[in-house]
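Worksheet: one structure, shown below.
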Amino acid sequence: MSRELQQQYNPKEVEDKIYRMWEKSGYFAPEAHQPRADNPDRLKPKAFSIIMPPPNASGALHIGNAVFVTLQDIAVRFQRMRGKKTLWLPGFDHAGFEAQVVFDKKLEKEGRRRSEITKEQLYKEMLDFAHENKKVVEAQLRKLGASCDWSREKFTLDPEIVKIVTDTFVKLYQDKLLYRGERIVNWCVKHQTTLSDLEIRHEERTEPLYYLKYGPFEIATARPETKFGDKYVVMHPKDKRYAKFKDGEKFETEWINGKVTATIVKDEVIDMNFGTGAMTITPWHDPADFELAERRKLDKEPIIDRYGRLLAIAGEFACMKIAEARPKIVEKLKAKGLLAKIDPNYKHNVAVCYKCGNVVEPLIMPQWFVKMQPLAEKAIRAVEKGEIKIIPDRYKKVYFHWLRNIRDWNISRQIVWGIRIPAWYCGKKVFITSHQLVRPVVGPKVETVHTQFADPVLVGEKPPKKCPDCGENDLVQDPDVLDTWFSSGQWPYATLLAGKQSGKSEIRNPKSEIVSDDFKNFYPTDLMETGYDILFFWVARMIMLGLYRTGKVPFRTVYLHGLVRDKDRQKMSKSKGNVIDPLGVAELYGTDAVRMALTVGNLPGNDIIISEEKIKGYRNFANKIWNASRFVLMHSAKTKDERRKTKVRFTVEDKKMLKKLNELVKQTTKDLESYRFHHAADRLYHFFWHYYADKVIEKMKPKLNSPEQKETAKALLLEFHTTLLKLLHPFMPFITEEIWQRLPQKNKKMLIVENWPS
RNA sequence: GGGCAAUUAGCUCAGUGGUAGAGCGUCACAUUGACAUUGUGAAGGCCACAGGUUCGAUCCCUGUAUUGCCCACCA
């Protein structure tokens with residue numbers, strides 16, 4: 001056997017081999033690692049747990065995923081080496097709507113259409129697709145060195161998880177925190193589903209603003225195609241221009257398709273300074289108008305259908321798409337003398353689907369909503385009281401602001417890919433599912449959309465035998481699925497409750513008995529590490545649902561990392577072609593180098609700039625470590641003779657150096673305890689290269705030739721070397737473990753479970 | 001419209017109430033020595049601007065500018 005190392009570090013020969021060794025050792029699981037006898041924590045090993053943000057099962061890992069893998073793996077390896085029972089639980093998200101969009105593209109490529117496939121078939125194909133993808137991502141996580149416990153891996157569509165998720169739905173319903181209501185929702189005309197408020201983007205557009213004559217008033221609108229049914233004209237009660245009009249007063253006026261009876265409404269929501277200070281309202285297609293109509297109990301009428309086509313009320317324009325109808329309507333208004341003027345440069349924001357960019361049509365629909373305010377209040381308090389710490393601190397403000405202004409959450413989606421809503425309806429009653437379209441019939445007879453829907457006869461895990469009201473056996477399950485964030489929002493407790501050791505996976509109320517060992521041992525988890533871009537989508541909802549379901553916060557610390565950008569500060573995207581594939585660069589320069597590049601300069605809440613140059617820099621660092629190790633190994637072959645001849649006696653200068661090393665240990669430990677990963681990594685880099693390699697090793701070189709000083713020099717180098725390998729291990733696990741395995745000490749363990757220096 | 005952050009060397013970023021730091025890049029020199037994926041050294045900065053607090057401000061306060069981001073139902 002040869003301990004000779006090659007001149008250069010070759011990660012390809014090392015990484016897979018080392019990962020297999022770790023995985024085989026079982027040390028990724030919390031129960032496998034027994035702290036050594038000399039570890040002060042051995043009598044009461046505390047737990048440390050992180051639930052991995054589940055990557056989408058619909059695509060490969062991107063560089064942003066590599067950031068979370070790196071930071072979480074650093075935290076986990078550090079705590080494991082400190083002797084804690086450490087659990088890092090991996091999992092995958094079915095990613096409902098996102099995955100549907102990905103799959104649609106795949107179908108398109110194959111020349112197939114979603115409408116040609118039955119829902120059951122589509123679901124099955126997507127499930128297969130997800131399972132295939134999962135395998136790819138699992139391999140990628142291994143390649144990045146993730147020391148997570150694969151035996152506990154979960155998927156959001158695992159039956160145990162689904163059970164917990166739907167239990168929460170039922171419980172929320174019973175607690176009256178969940179309701180089915182006809183409210184205005186964001187409807188994506190292209191994707192034929194509703195979207196939550198977070199899934200829409202606002203885009204600034206410059207469009208004409210039309211001033212129309214409405215009886216004695218002039219009203220402004222950017223959307224004349226919605227105005228057919230307008231029968232209320234609203235103004236501020238203090239507006240002197242309209243002082244002579246009274247609230248509730250009616251008048252008749254000529255409108256687009258003939259005469260209408262209009263009612264005057266005086267309300268303070270009106271901004272007197274906008275346009276003419278008077279407006280008509282369209283409650284069916286505008287959230288603000290909807291709110292006003294609800295509050296003042298005004299009639300609402302649909303104008304546009306779910307395909308973005310005009311309904312019967314539009315008369316000659318019925319069945320036209322908005323874009324086609326708008327200019328024609330304006331023309332008619334002009335011809336009838338109802339068009340006062342056009343402001344061609346009206347700048348305003350329109351809501352668009354965050355995936356396809358198409359304008360979102362606000363519509364009134366029967367949907368499921370979670371009543372957020374009571375949940376939000378508790379979530380606010382938990383952070384106020386410091387039960388959850390947010391890093392960086394400034395995101396607290398953002399978090400509070402969102403929760404204090406929260407609106408009810410629409411959690412039903414009209415897609416097949418997801419967890420079905422556990423609600424059943426009586427087949428006899430009128431029931432129009434939210435995805436069924438009532439299309440206007442072209443011709444003289446045109447129908448309007450039906451809006452009736454039945455109340456669910458049962459919300460529960462299983463359908464009832466028959467309708468409790470009429471005895472009908474034909475019960476229909478709600479065709480919709482849950483917003484994917486409704487399940488991922490329960491991820492911390494769902495994954496732990498569904499833990500392999502638990503026989504049951506049910507908690508009946510917040511105060512109920514804890515039923516799984518994993519839940520008992522690891523909940524609340526210690527750290528939730530994720531990107532700041534999903535603070536609302538995910539973090540806030542996990543806190544709300546976690547508090548609701550378990551009575552406890554789901555995690556103690558939230559660490560928010562930034563987005564990865566290229567060296568020109570551009571967001572990485574496929575269309576820009578500036579995407580760095582984490583696995584590709586790991587293959588080229590080694591995983592350890594990529595991990596360091598993703599850690600140094602990565603401050604919480606700040607975006608991180610990464611370039612291939614930076615990764616190369618840390619590839620060089622890996623090589624530096626490698627060669628310093630070669631040097632130390634070259635001089636560590638001791639013969640009995642040598643050892644007998646000389647004694648280890650540190651000089652004053654040696655002790656100074658060792659003191660510096662000890663300071664490094666303390667600082668690194670402190671930084672890792674407080675999640676200052678970037679600091680620790682940067683300091684280690686400098687210390688290793690510019691102190692240990694440049695100064696300490698250089699100073700020892702002449703001593704290694706002196707018979708008297710030889711052993712002392714060797715001992716000093718070995719002390720430095722082993723300590724530094726341990727400190728570097730969380731950041732650069734592969735190279736440090738590989739070298740560790742080649743060190744000559746006897747009875748050594750794997751570095752992954754070595755004791756953290758103190 | 002509201003909020004947040006940033007502004008330090010050519011680039012990416014640390015940092016501290018007491019004469020400014022690193023990496024990369026640049027330039028010069030070194031070379032079979034653990035490592036050229038190297039070493040030694042050098043050049044390079046009114047720490048955005050204007051006020052204030054202070055014996056002293058890059059750091060604390062106020063304002064301004066520029067940039068980036070988030071939130072938002074003015075038709």
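Exactly one residue among A:184, A:200 is of a type outside the set (S, T, N, Q) and touching a helix residue (DSSP H, G or I) at 6+ places or on another chain (Cβ under 6 Å), and that residue is A:184. Checked against (1) within 30 Å of residue A:478 (Cα to Cα); (2) over 22 Å from the mean Cα position of the chain (by Cα); (3) surrounded by fewer than 20 Cβ atoms within 10 Å (Cβ to Cβ), residue A:209 passes all but a single condition, namely (1).
Residue-by-condition table, conditions (1) open to solvent by less than 10 Å² (accessible area, probe 1.4 Å); (2) under 21 Å from residue A:16 (Cα atoms):
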residue	(1), (2)
A:75	yes, no
A:92	yes, no
A:96	yes, no
A:101	no, no
A:109	no, no
A:117	no, no
A:127	no, no
A:135	no, yes
A:145	yes, yes
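Scanning the range A:255-312 for residues that are assigned to a loop (DSSP other than H, G, I, E, B) and without any contact (Cβ under 8 Å) to a residue 40 or more places away in the chain returns A:267, A:268, A:269, A:270, A:271, A:272, A:273, A:297. Could you tell me how many of the residues in the range A:206-224 are assigned to a loop (DSSP other than H, G, I, E, B) and within 8 Å of RNA strand B (Cβ to nearest atom)? Number of matching residues: 2.
Of all the numbered requirements in (1) at pLDDT 95 or above; (2) surrounded by 15 or more Cβ atoms within 10 Å (Cβ to Cβ), residue A:24 misses one, and that requirement is (2). When each of A:274, A:290 is tested for being open to solvent by 80 Å² or more (accessible area, probe 1.4 Å) and within 16 Å of RNA strand B (Cβ to nearest atom), the lone residue that passes is A:274. With respect to the conditions (1) buried (at least 24 other Cβ atoms within 10 Å of the Cβ); (2) over 22 Å from residue A:531 (Cβ atoms); (3) away from RNA strand B (no atom under 12 Å from the Cβ), residue A:592 lacks only one, and its number is (3). Being within 23 Å of residue A:79 (Cα to Cα) and modelled with pLDDT under 90: is that true of residue A:709 here? Considered against the rule, which asks whether it is within 23 Å of residue A:79 (Cα to Cα) and modelled with pLDDT under 90, residue A:709 comes out as no. Listed here are the strands (runs of 3 or more DSSP E) enclosed by the range A:315-429 that have at least 2 residues being in contact (Cβ under 8 Å) with a residue 12 or more places away in the chain and open to solvent by 60 Å² or more (accessible area, probe 1.4 Å): A:339-353.
The residue that is farthest from RNA strand B (Cβ to nearest atom), counting only those in the range A:647-682 that are more than 26 Å from residue A:71 (Cβ to Cβ) and among the aliphatic types (A, V, I, L, M), is A:652. Within the range A:225-262, the residues that satisfy the criterion of being more than 10 Å from RNA strand B (Cβ to nearest atom) and either open to solvent by less than 10 Å² (accessible area, probe 1.4 Å) or small (Gly, Ala, Ser) (or both) are A:225, A:229, A:233, A:243, A:248, A:255, A:256, A:258, A:262.
Just to be sure before I move on: is residue A:87 surrounded by 20 or more Cβ atoms within 10 Å (Cβ to Cβ) and part of a strand (DSSP E or B) in the structure I sent? Yes, satisfied. Selection of the range A:686-702 for residues being open to solvent by 10 Å² or more (accessible area, probe 1.4 Å), in contact with a helix residue (DSSP H, G or I) (Cβ under 6 Å, 6 or more places away or on another chain) and more than 8 Å from RNA strand B (Cβ to nearest atom) yields only A:687. Residue count for the range A:595-616, restricted to those that are more than 9 Å from RNA strand B (Cβ to nearest atom) and touching an Asp or Glu at 6+ places or on another chain (Cβ under 7 Å): 0.
Taking the range A:703-733, which residues are hydrophobic (A, V, I, L, M, F, W, C) and more than 10 Å from RNA strand B (Cβ to nearest atom)?
Across the range A:703-733, the qualifying residues are A:713, A:715, A:716, A:717, A:718, A:720, A:724, A:725, A:727, A:728, A:731, A:732.
Look at the range A:460-481: where a residue is without any contact (Cβ under 8 Å) to a residue 24 or more places away in the chain and surrounded by 11 or more Cβ atoms within 10 Å (Cβ to Cβ) and a partner is β-branched (Val, Ile, Thr) and assigned to a loop (DSSP other than H, G, I, E, B), sitting 6+ places away or on another chain with Cβ atoms under 8 Å, you get A:468/A:457.
Tell me, please, whether a residue that is open to solvent by 40 Å² or more (accessible area, probe 1.4 Å) and part of a loop (DSSP other than H, G, I, E, B) can be found in the range A:541-551.
We begin by selecting, within the range A:541-551, every residue open to solvent by 40 Å² or more (accessible area, probe 1.4 Å); these are A:551.
Pick out the ones that are also part of a loop (DSSP other than H, G, I, E, B) and you get A:551.
Among the residues of the range A:541-551, at least one is open to solvent by 40 Å² or more (accessible area, probe 1.4 Å) and part of a loop (DSSP other than H, G, I, E, B), which makes the answer yes.
Give A:271, A:286, A:299 a once-over and let me know the one that is closer than 20 Å to residue A:222 by Cβ and either in contact with a Pro (Cβ under 6 Å, 6 or more places away or on another chain) or modelled with pLDDT of 90 or more (or both).
Numbers: A:271 fails: either in contact with a Pro (Cβ under 6 Å, 6 or more places away or on another chain) or modelled with pLDDT of 90 or more (or both); A:299 fails: closer than 20 Å to residue A:222 by Cβ.
The conditions single out A:286.
Here residue A:755 fulfils each of the conditions (1) open to solvent by 30 Å² or more (accessible area, probe 1.4 Å); (2) touching a residue at least 40 places away in the same chain (Cβ under 8 Å); (3) over 24 Å from residue A:9 (Cα atoms) apart from (1). Is there a residue in the range A:343-351 that is farther than 23 Å from residue A:198 by Cβ, more than 30 Å from the chain's Cα centre (by Cα) and away from RNA strand B (no atom under 14 Å from the Cβ)? Within the range A:343-351 (the criterion being farther than 23 Å from residue A:198 by Cβ, more than 30 Å from the chain's Cα centre (by Cα) and away from RNA strand B (no atom under 14 Å from the Cβ)), the answer is yes, since at least one residue qualifies. Within the range A:182-205, is even one residue within 22 Å of the chain's Cα centre (by Cα), assigned to a helix (DSSP H, G or I), surrounded by fewer than 19 Cβ atoms within 10 Å (Cβ to Cβ) and within 16 Å of RNA strand B (Cβ to nearest atom)? Yes, there is a match, as at least one residue in the range A:182-205 is within 22 Å of the chain's Cα centre (by Cα), assigned to a helix (DSSP H, G or I), surrounded by fewer than 19 Cβ atoms within 10 Å (Cβ to Cβ) and within 16 Å of RNA strand B (Cβ to nearest atom).
Yes or no, residue by residue, for (1) among the polar types (S, T, N, Q); (2) at pLDDT 90 or above:
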site: A:308; (1), (2): no, no
site: A:314; (1), (2): no, no
site: A:322; (1), (2): no, yes
site: A:325; (1), (2): no, yes
site: A:328; (1), (2): no, yes
site: A:335; (1), (2): no, yes
site: A:339; (1), (2): no, yes
site: A:346; (1), (2): no, no
site: A:349; (1), (2): yes, no
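The values are calculated or read from the model by the stated rules, or taken from the named source; none is laboratory data. No experiment lies behind these values; they were computed from the predicted model shown. With ideal geometry, Cβ positions are generated from the backbone for all residues, glycine too; neighbour counts draw on all protein chains shown. What goes into the accessible areas is simple: the full protein's heavy atoms, side chains included, and nothing from ligands, DNA or RNA. Shrake-Rupley method; radii C 1.70, N 1.55, O 1.52, S 1.80 Å.
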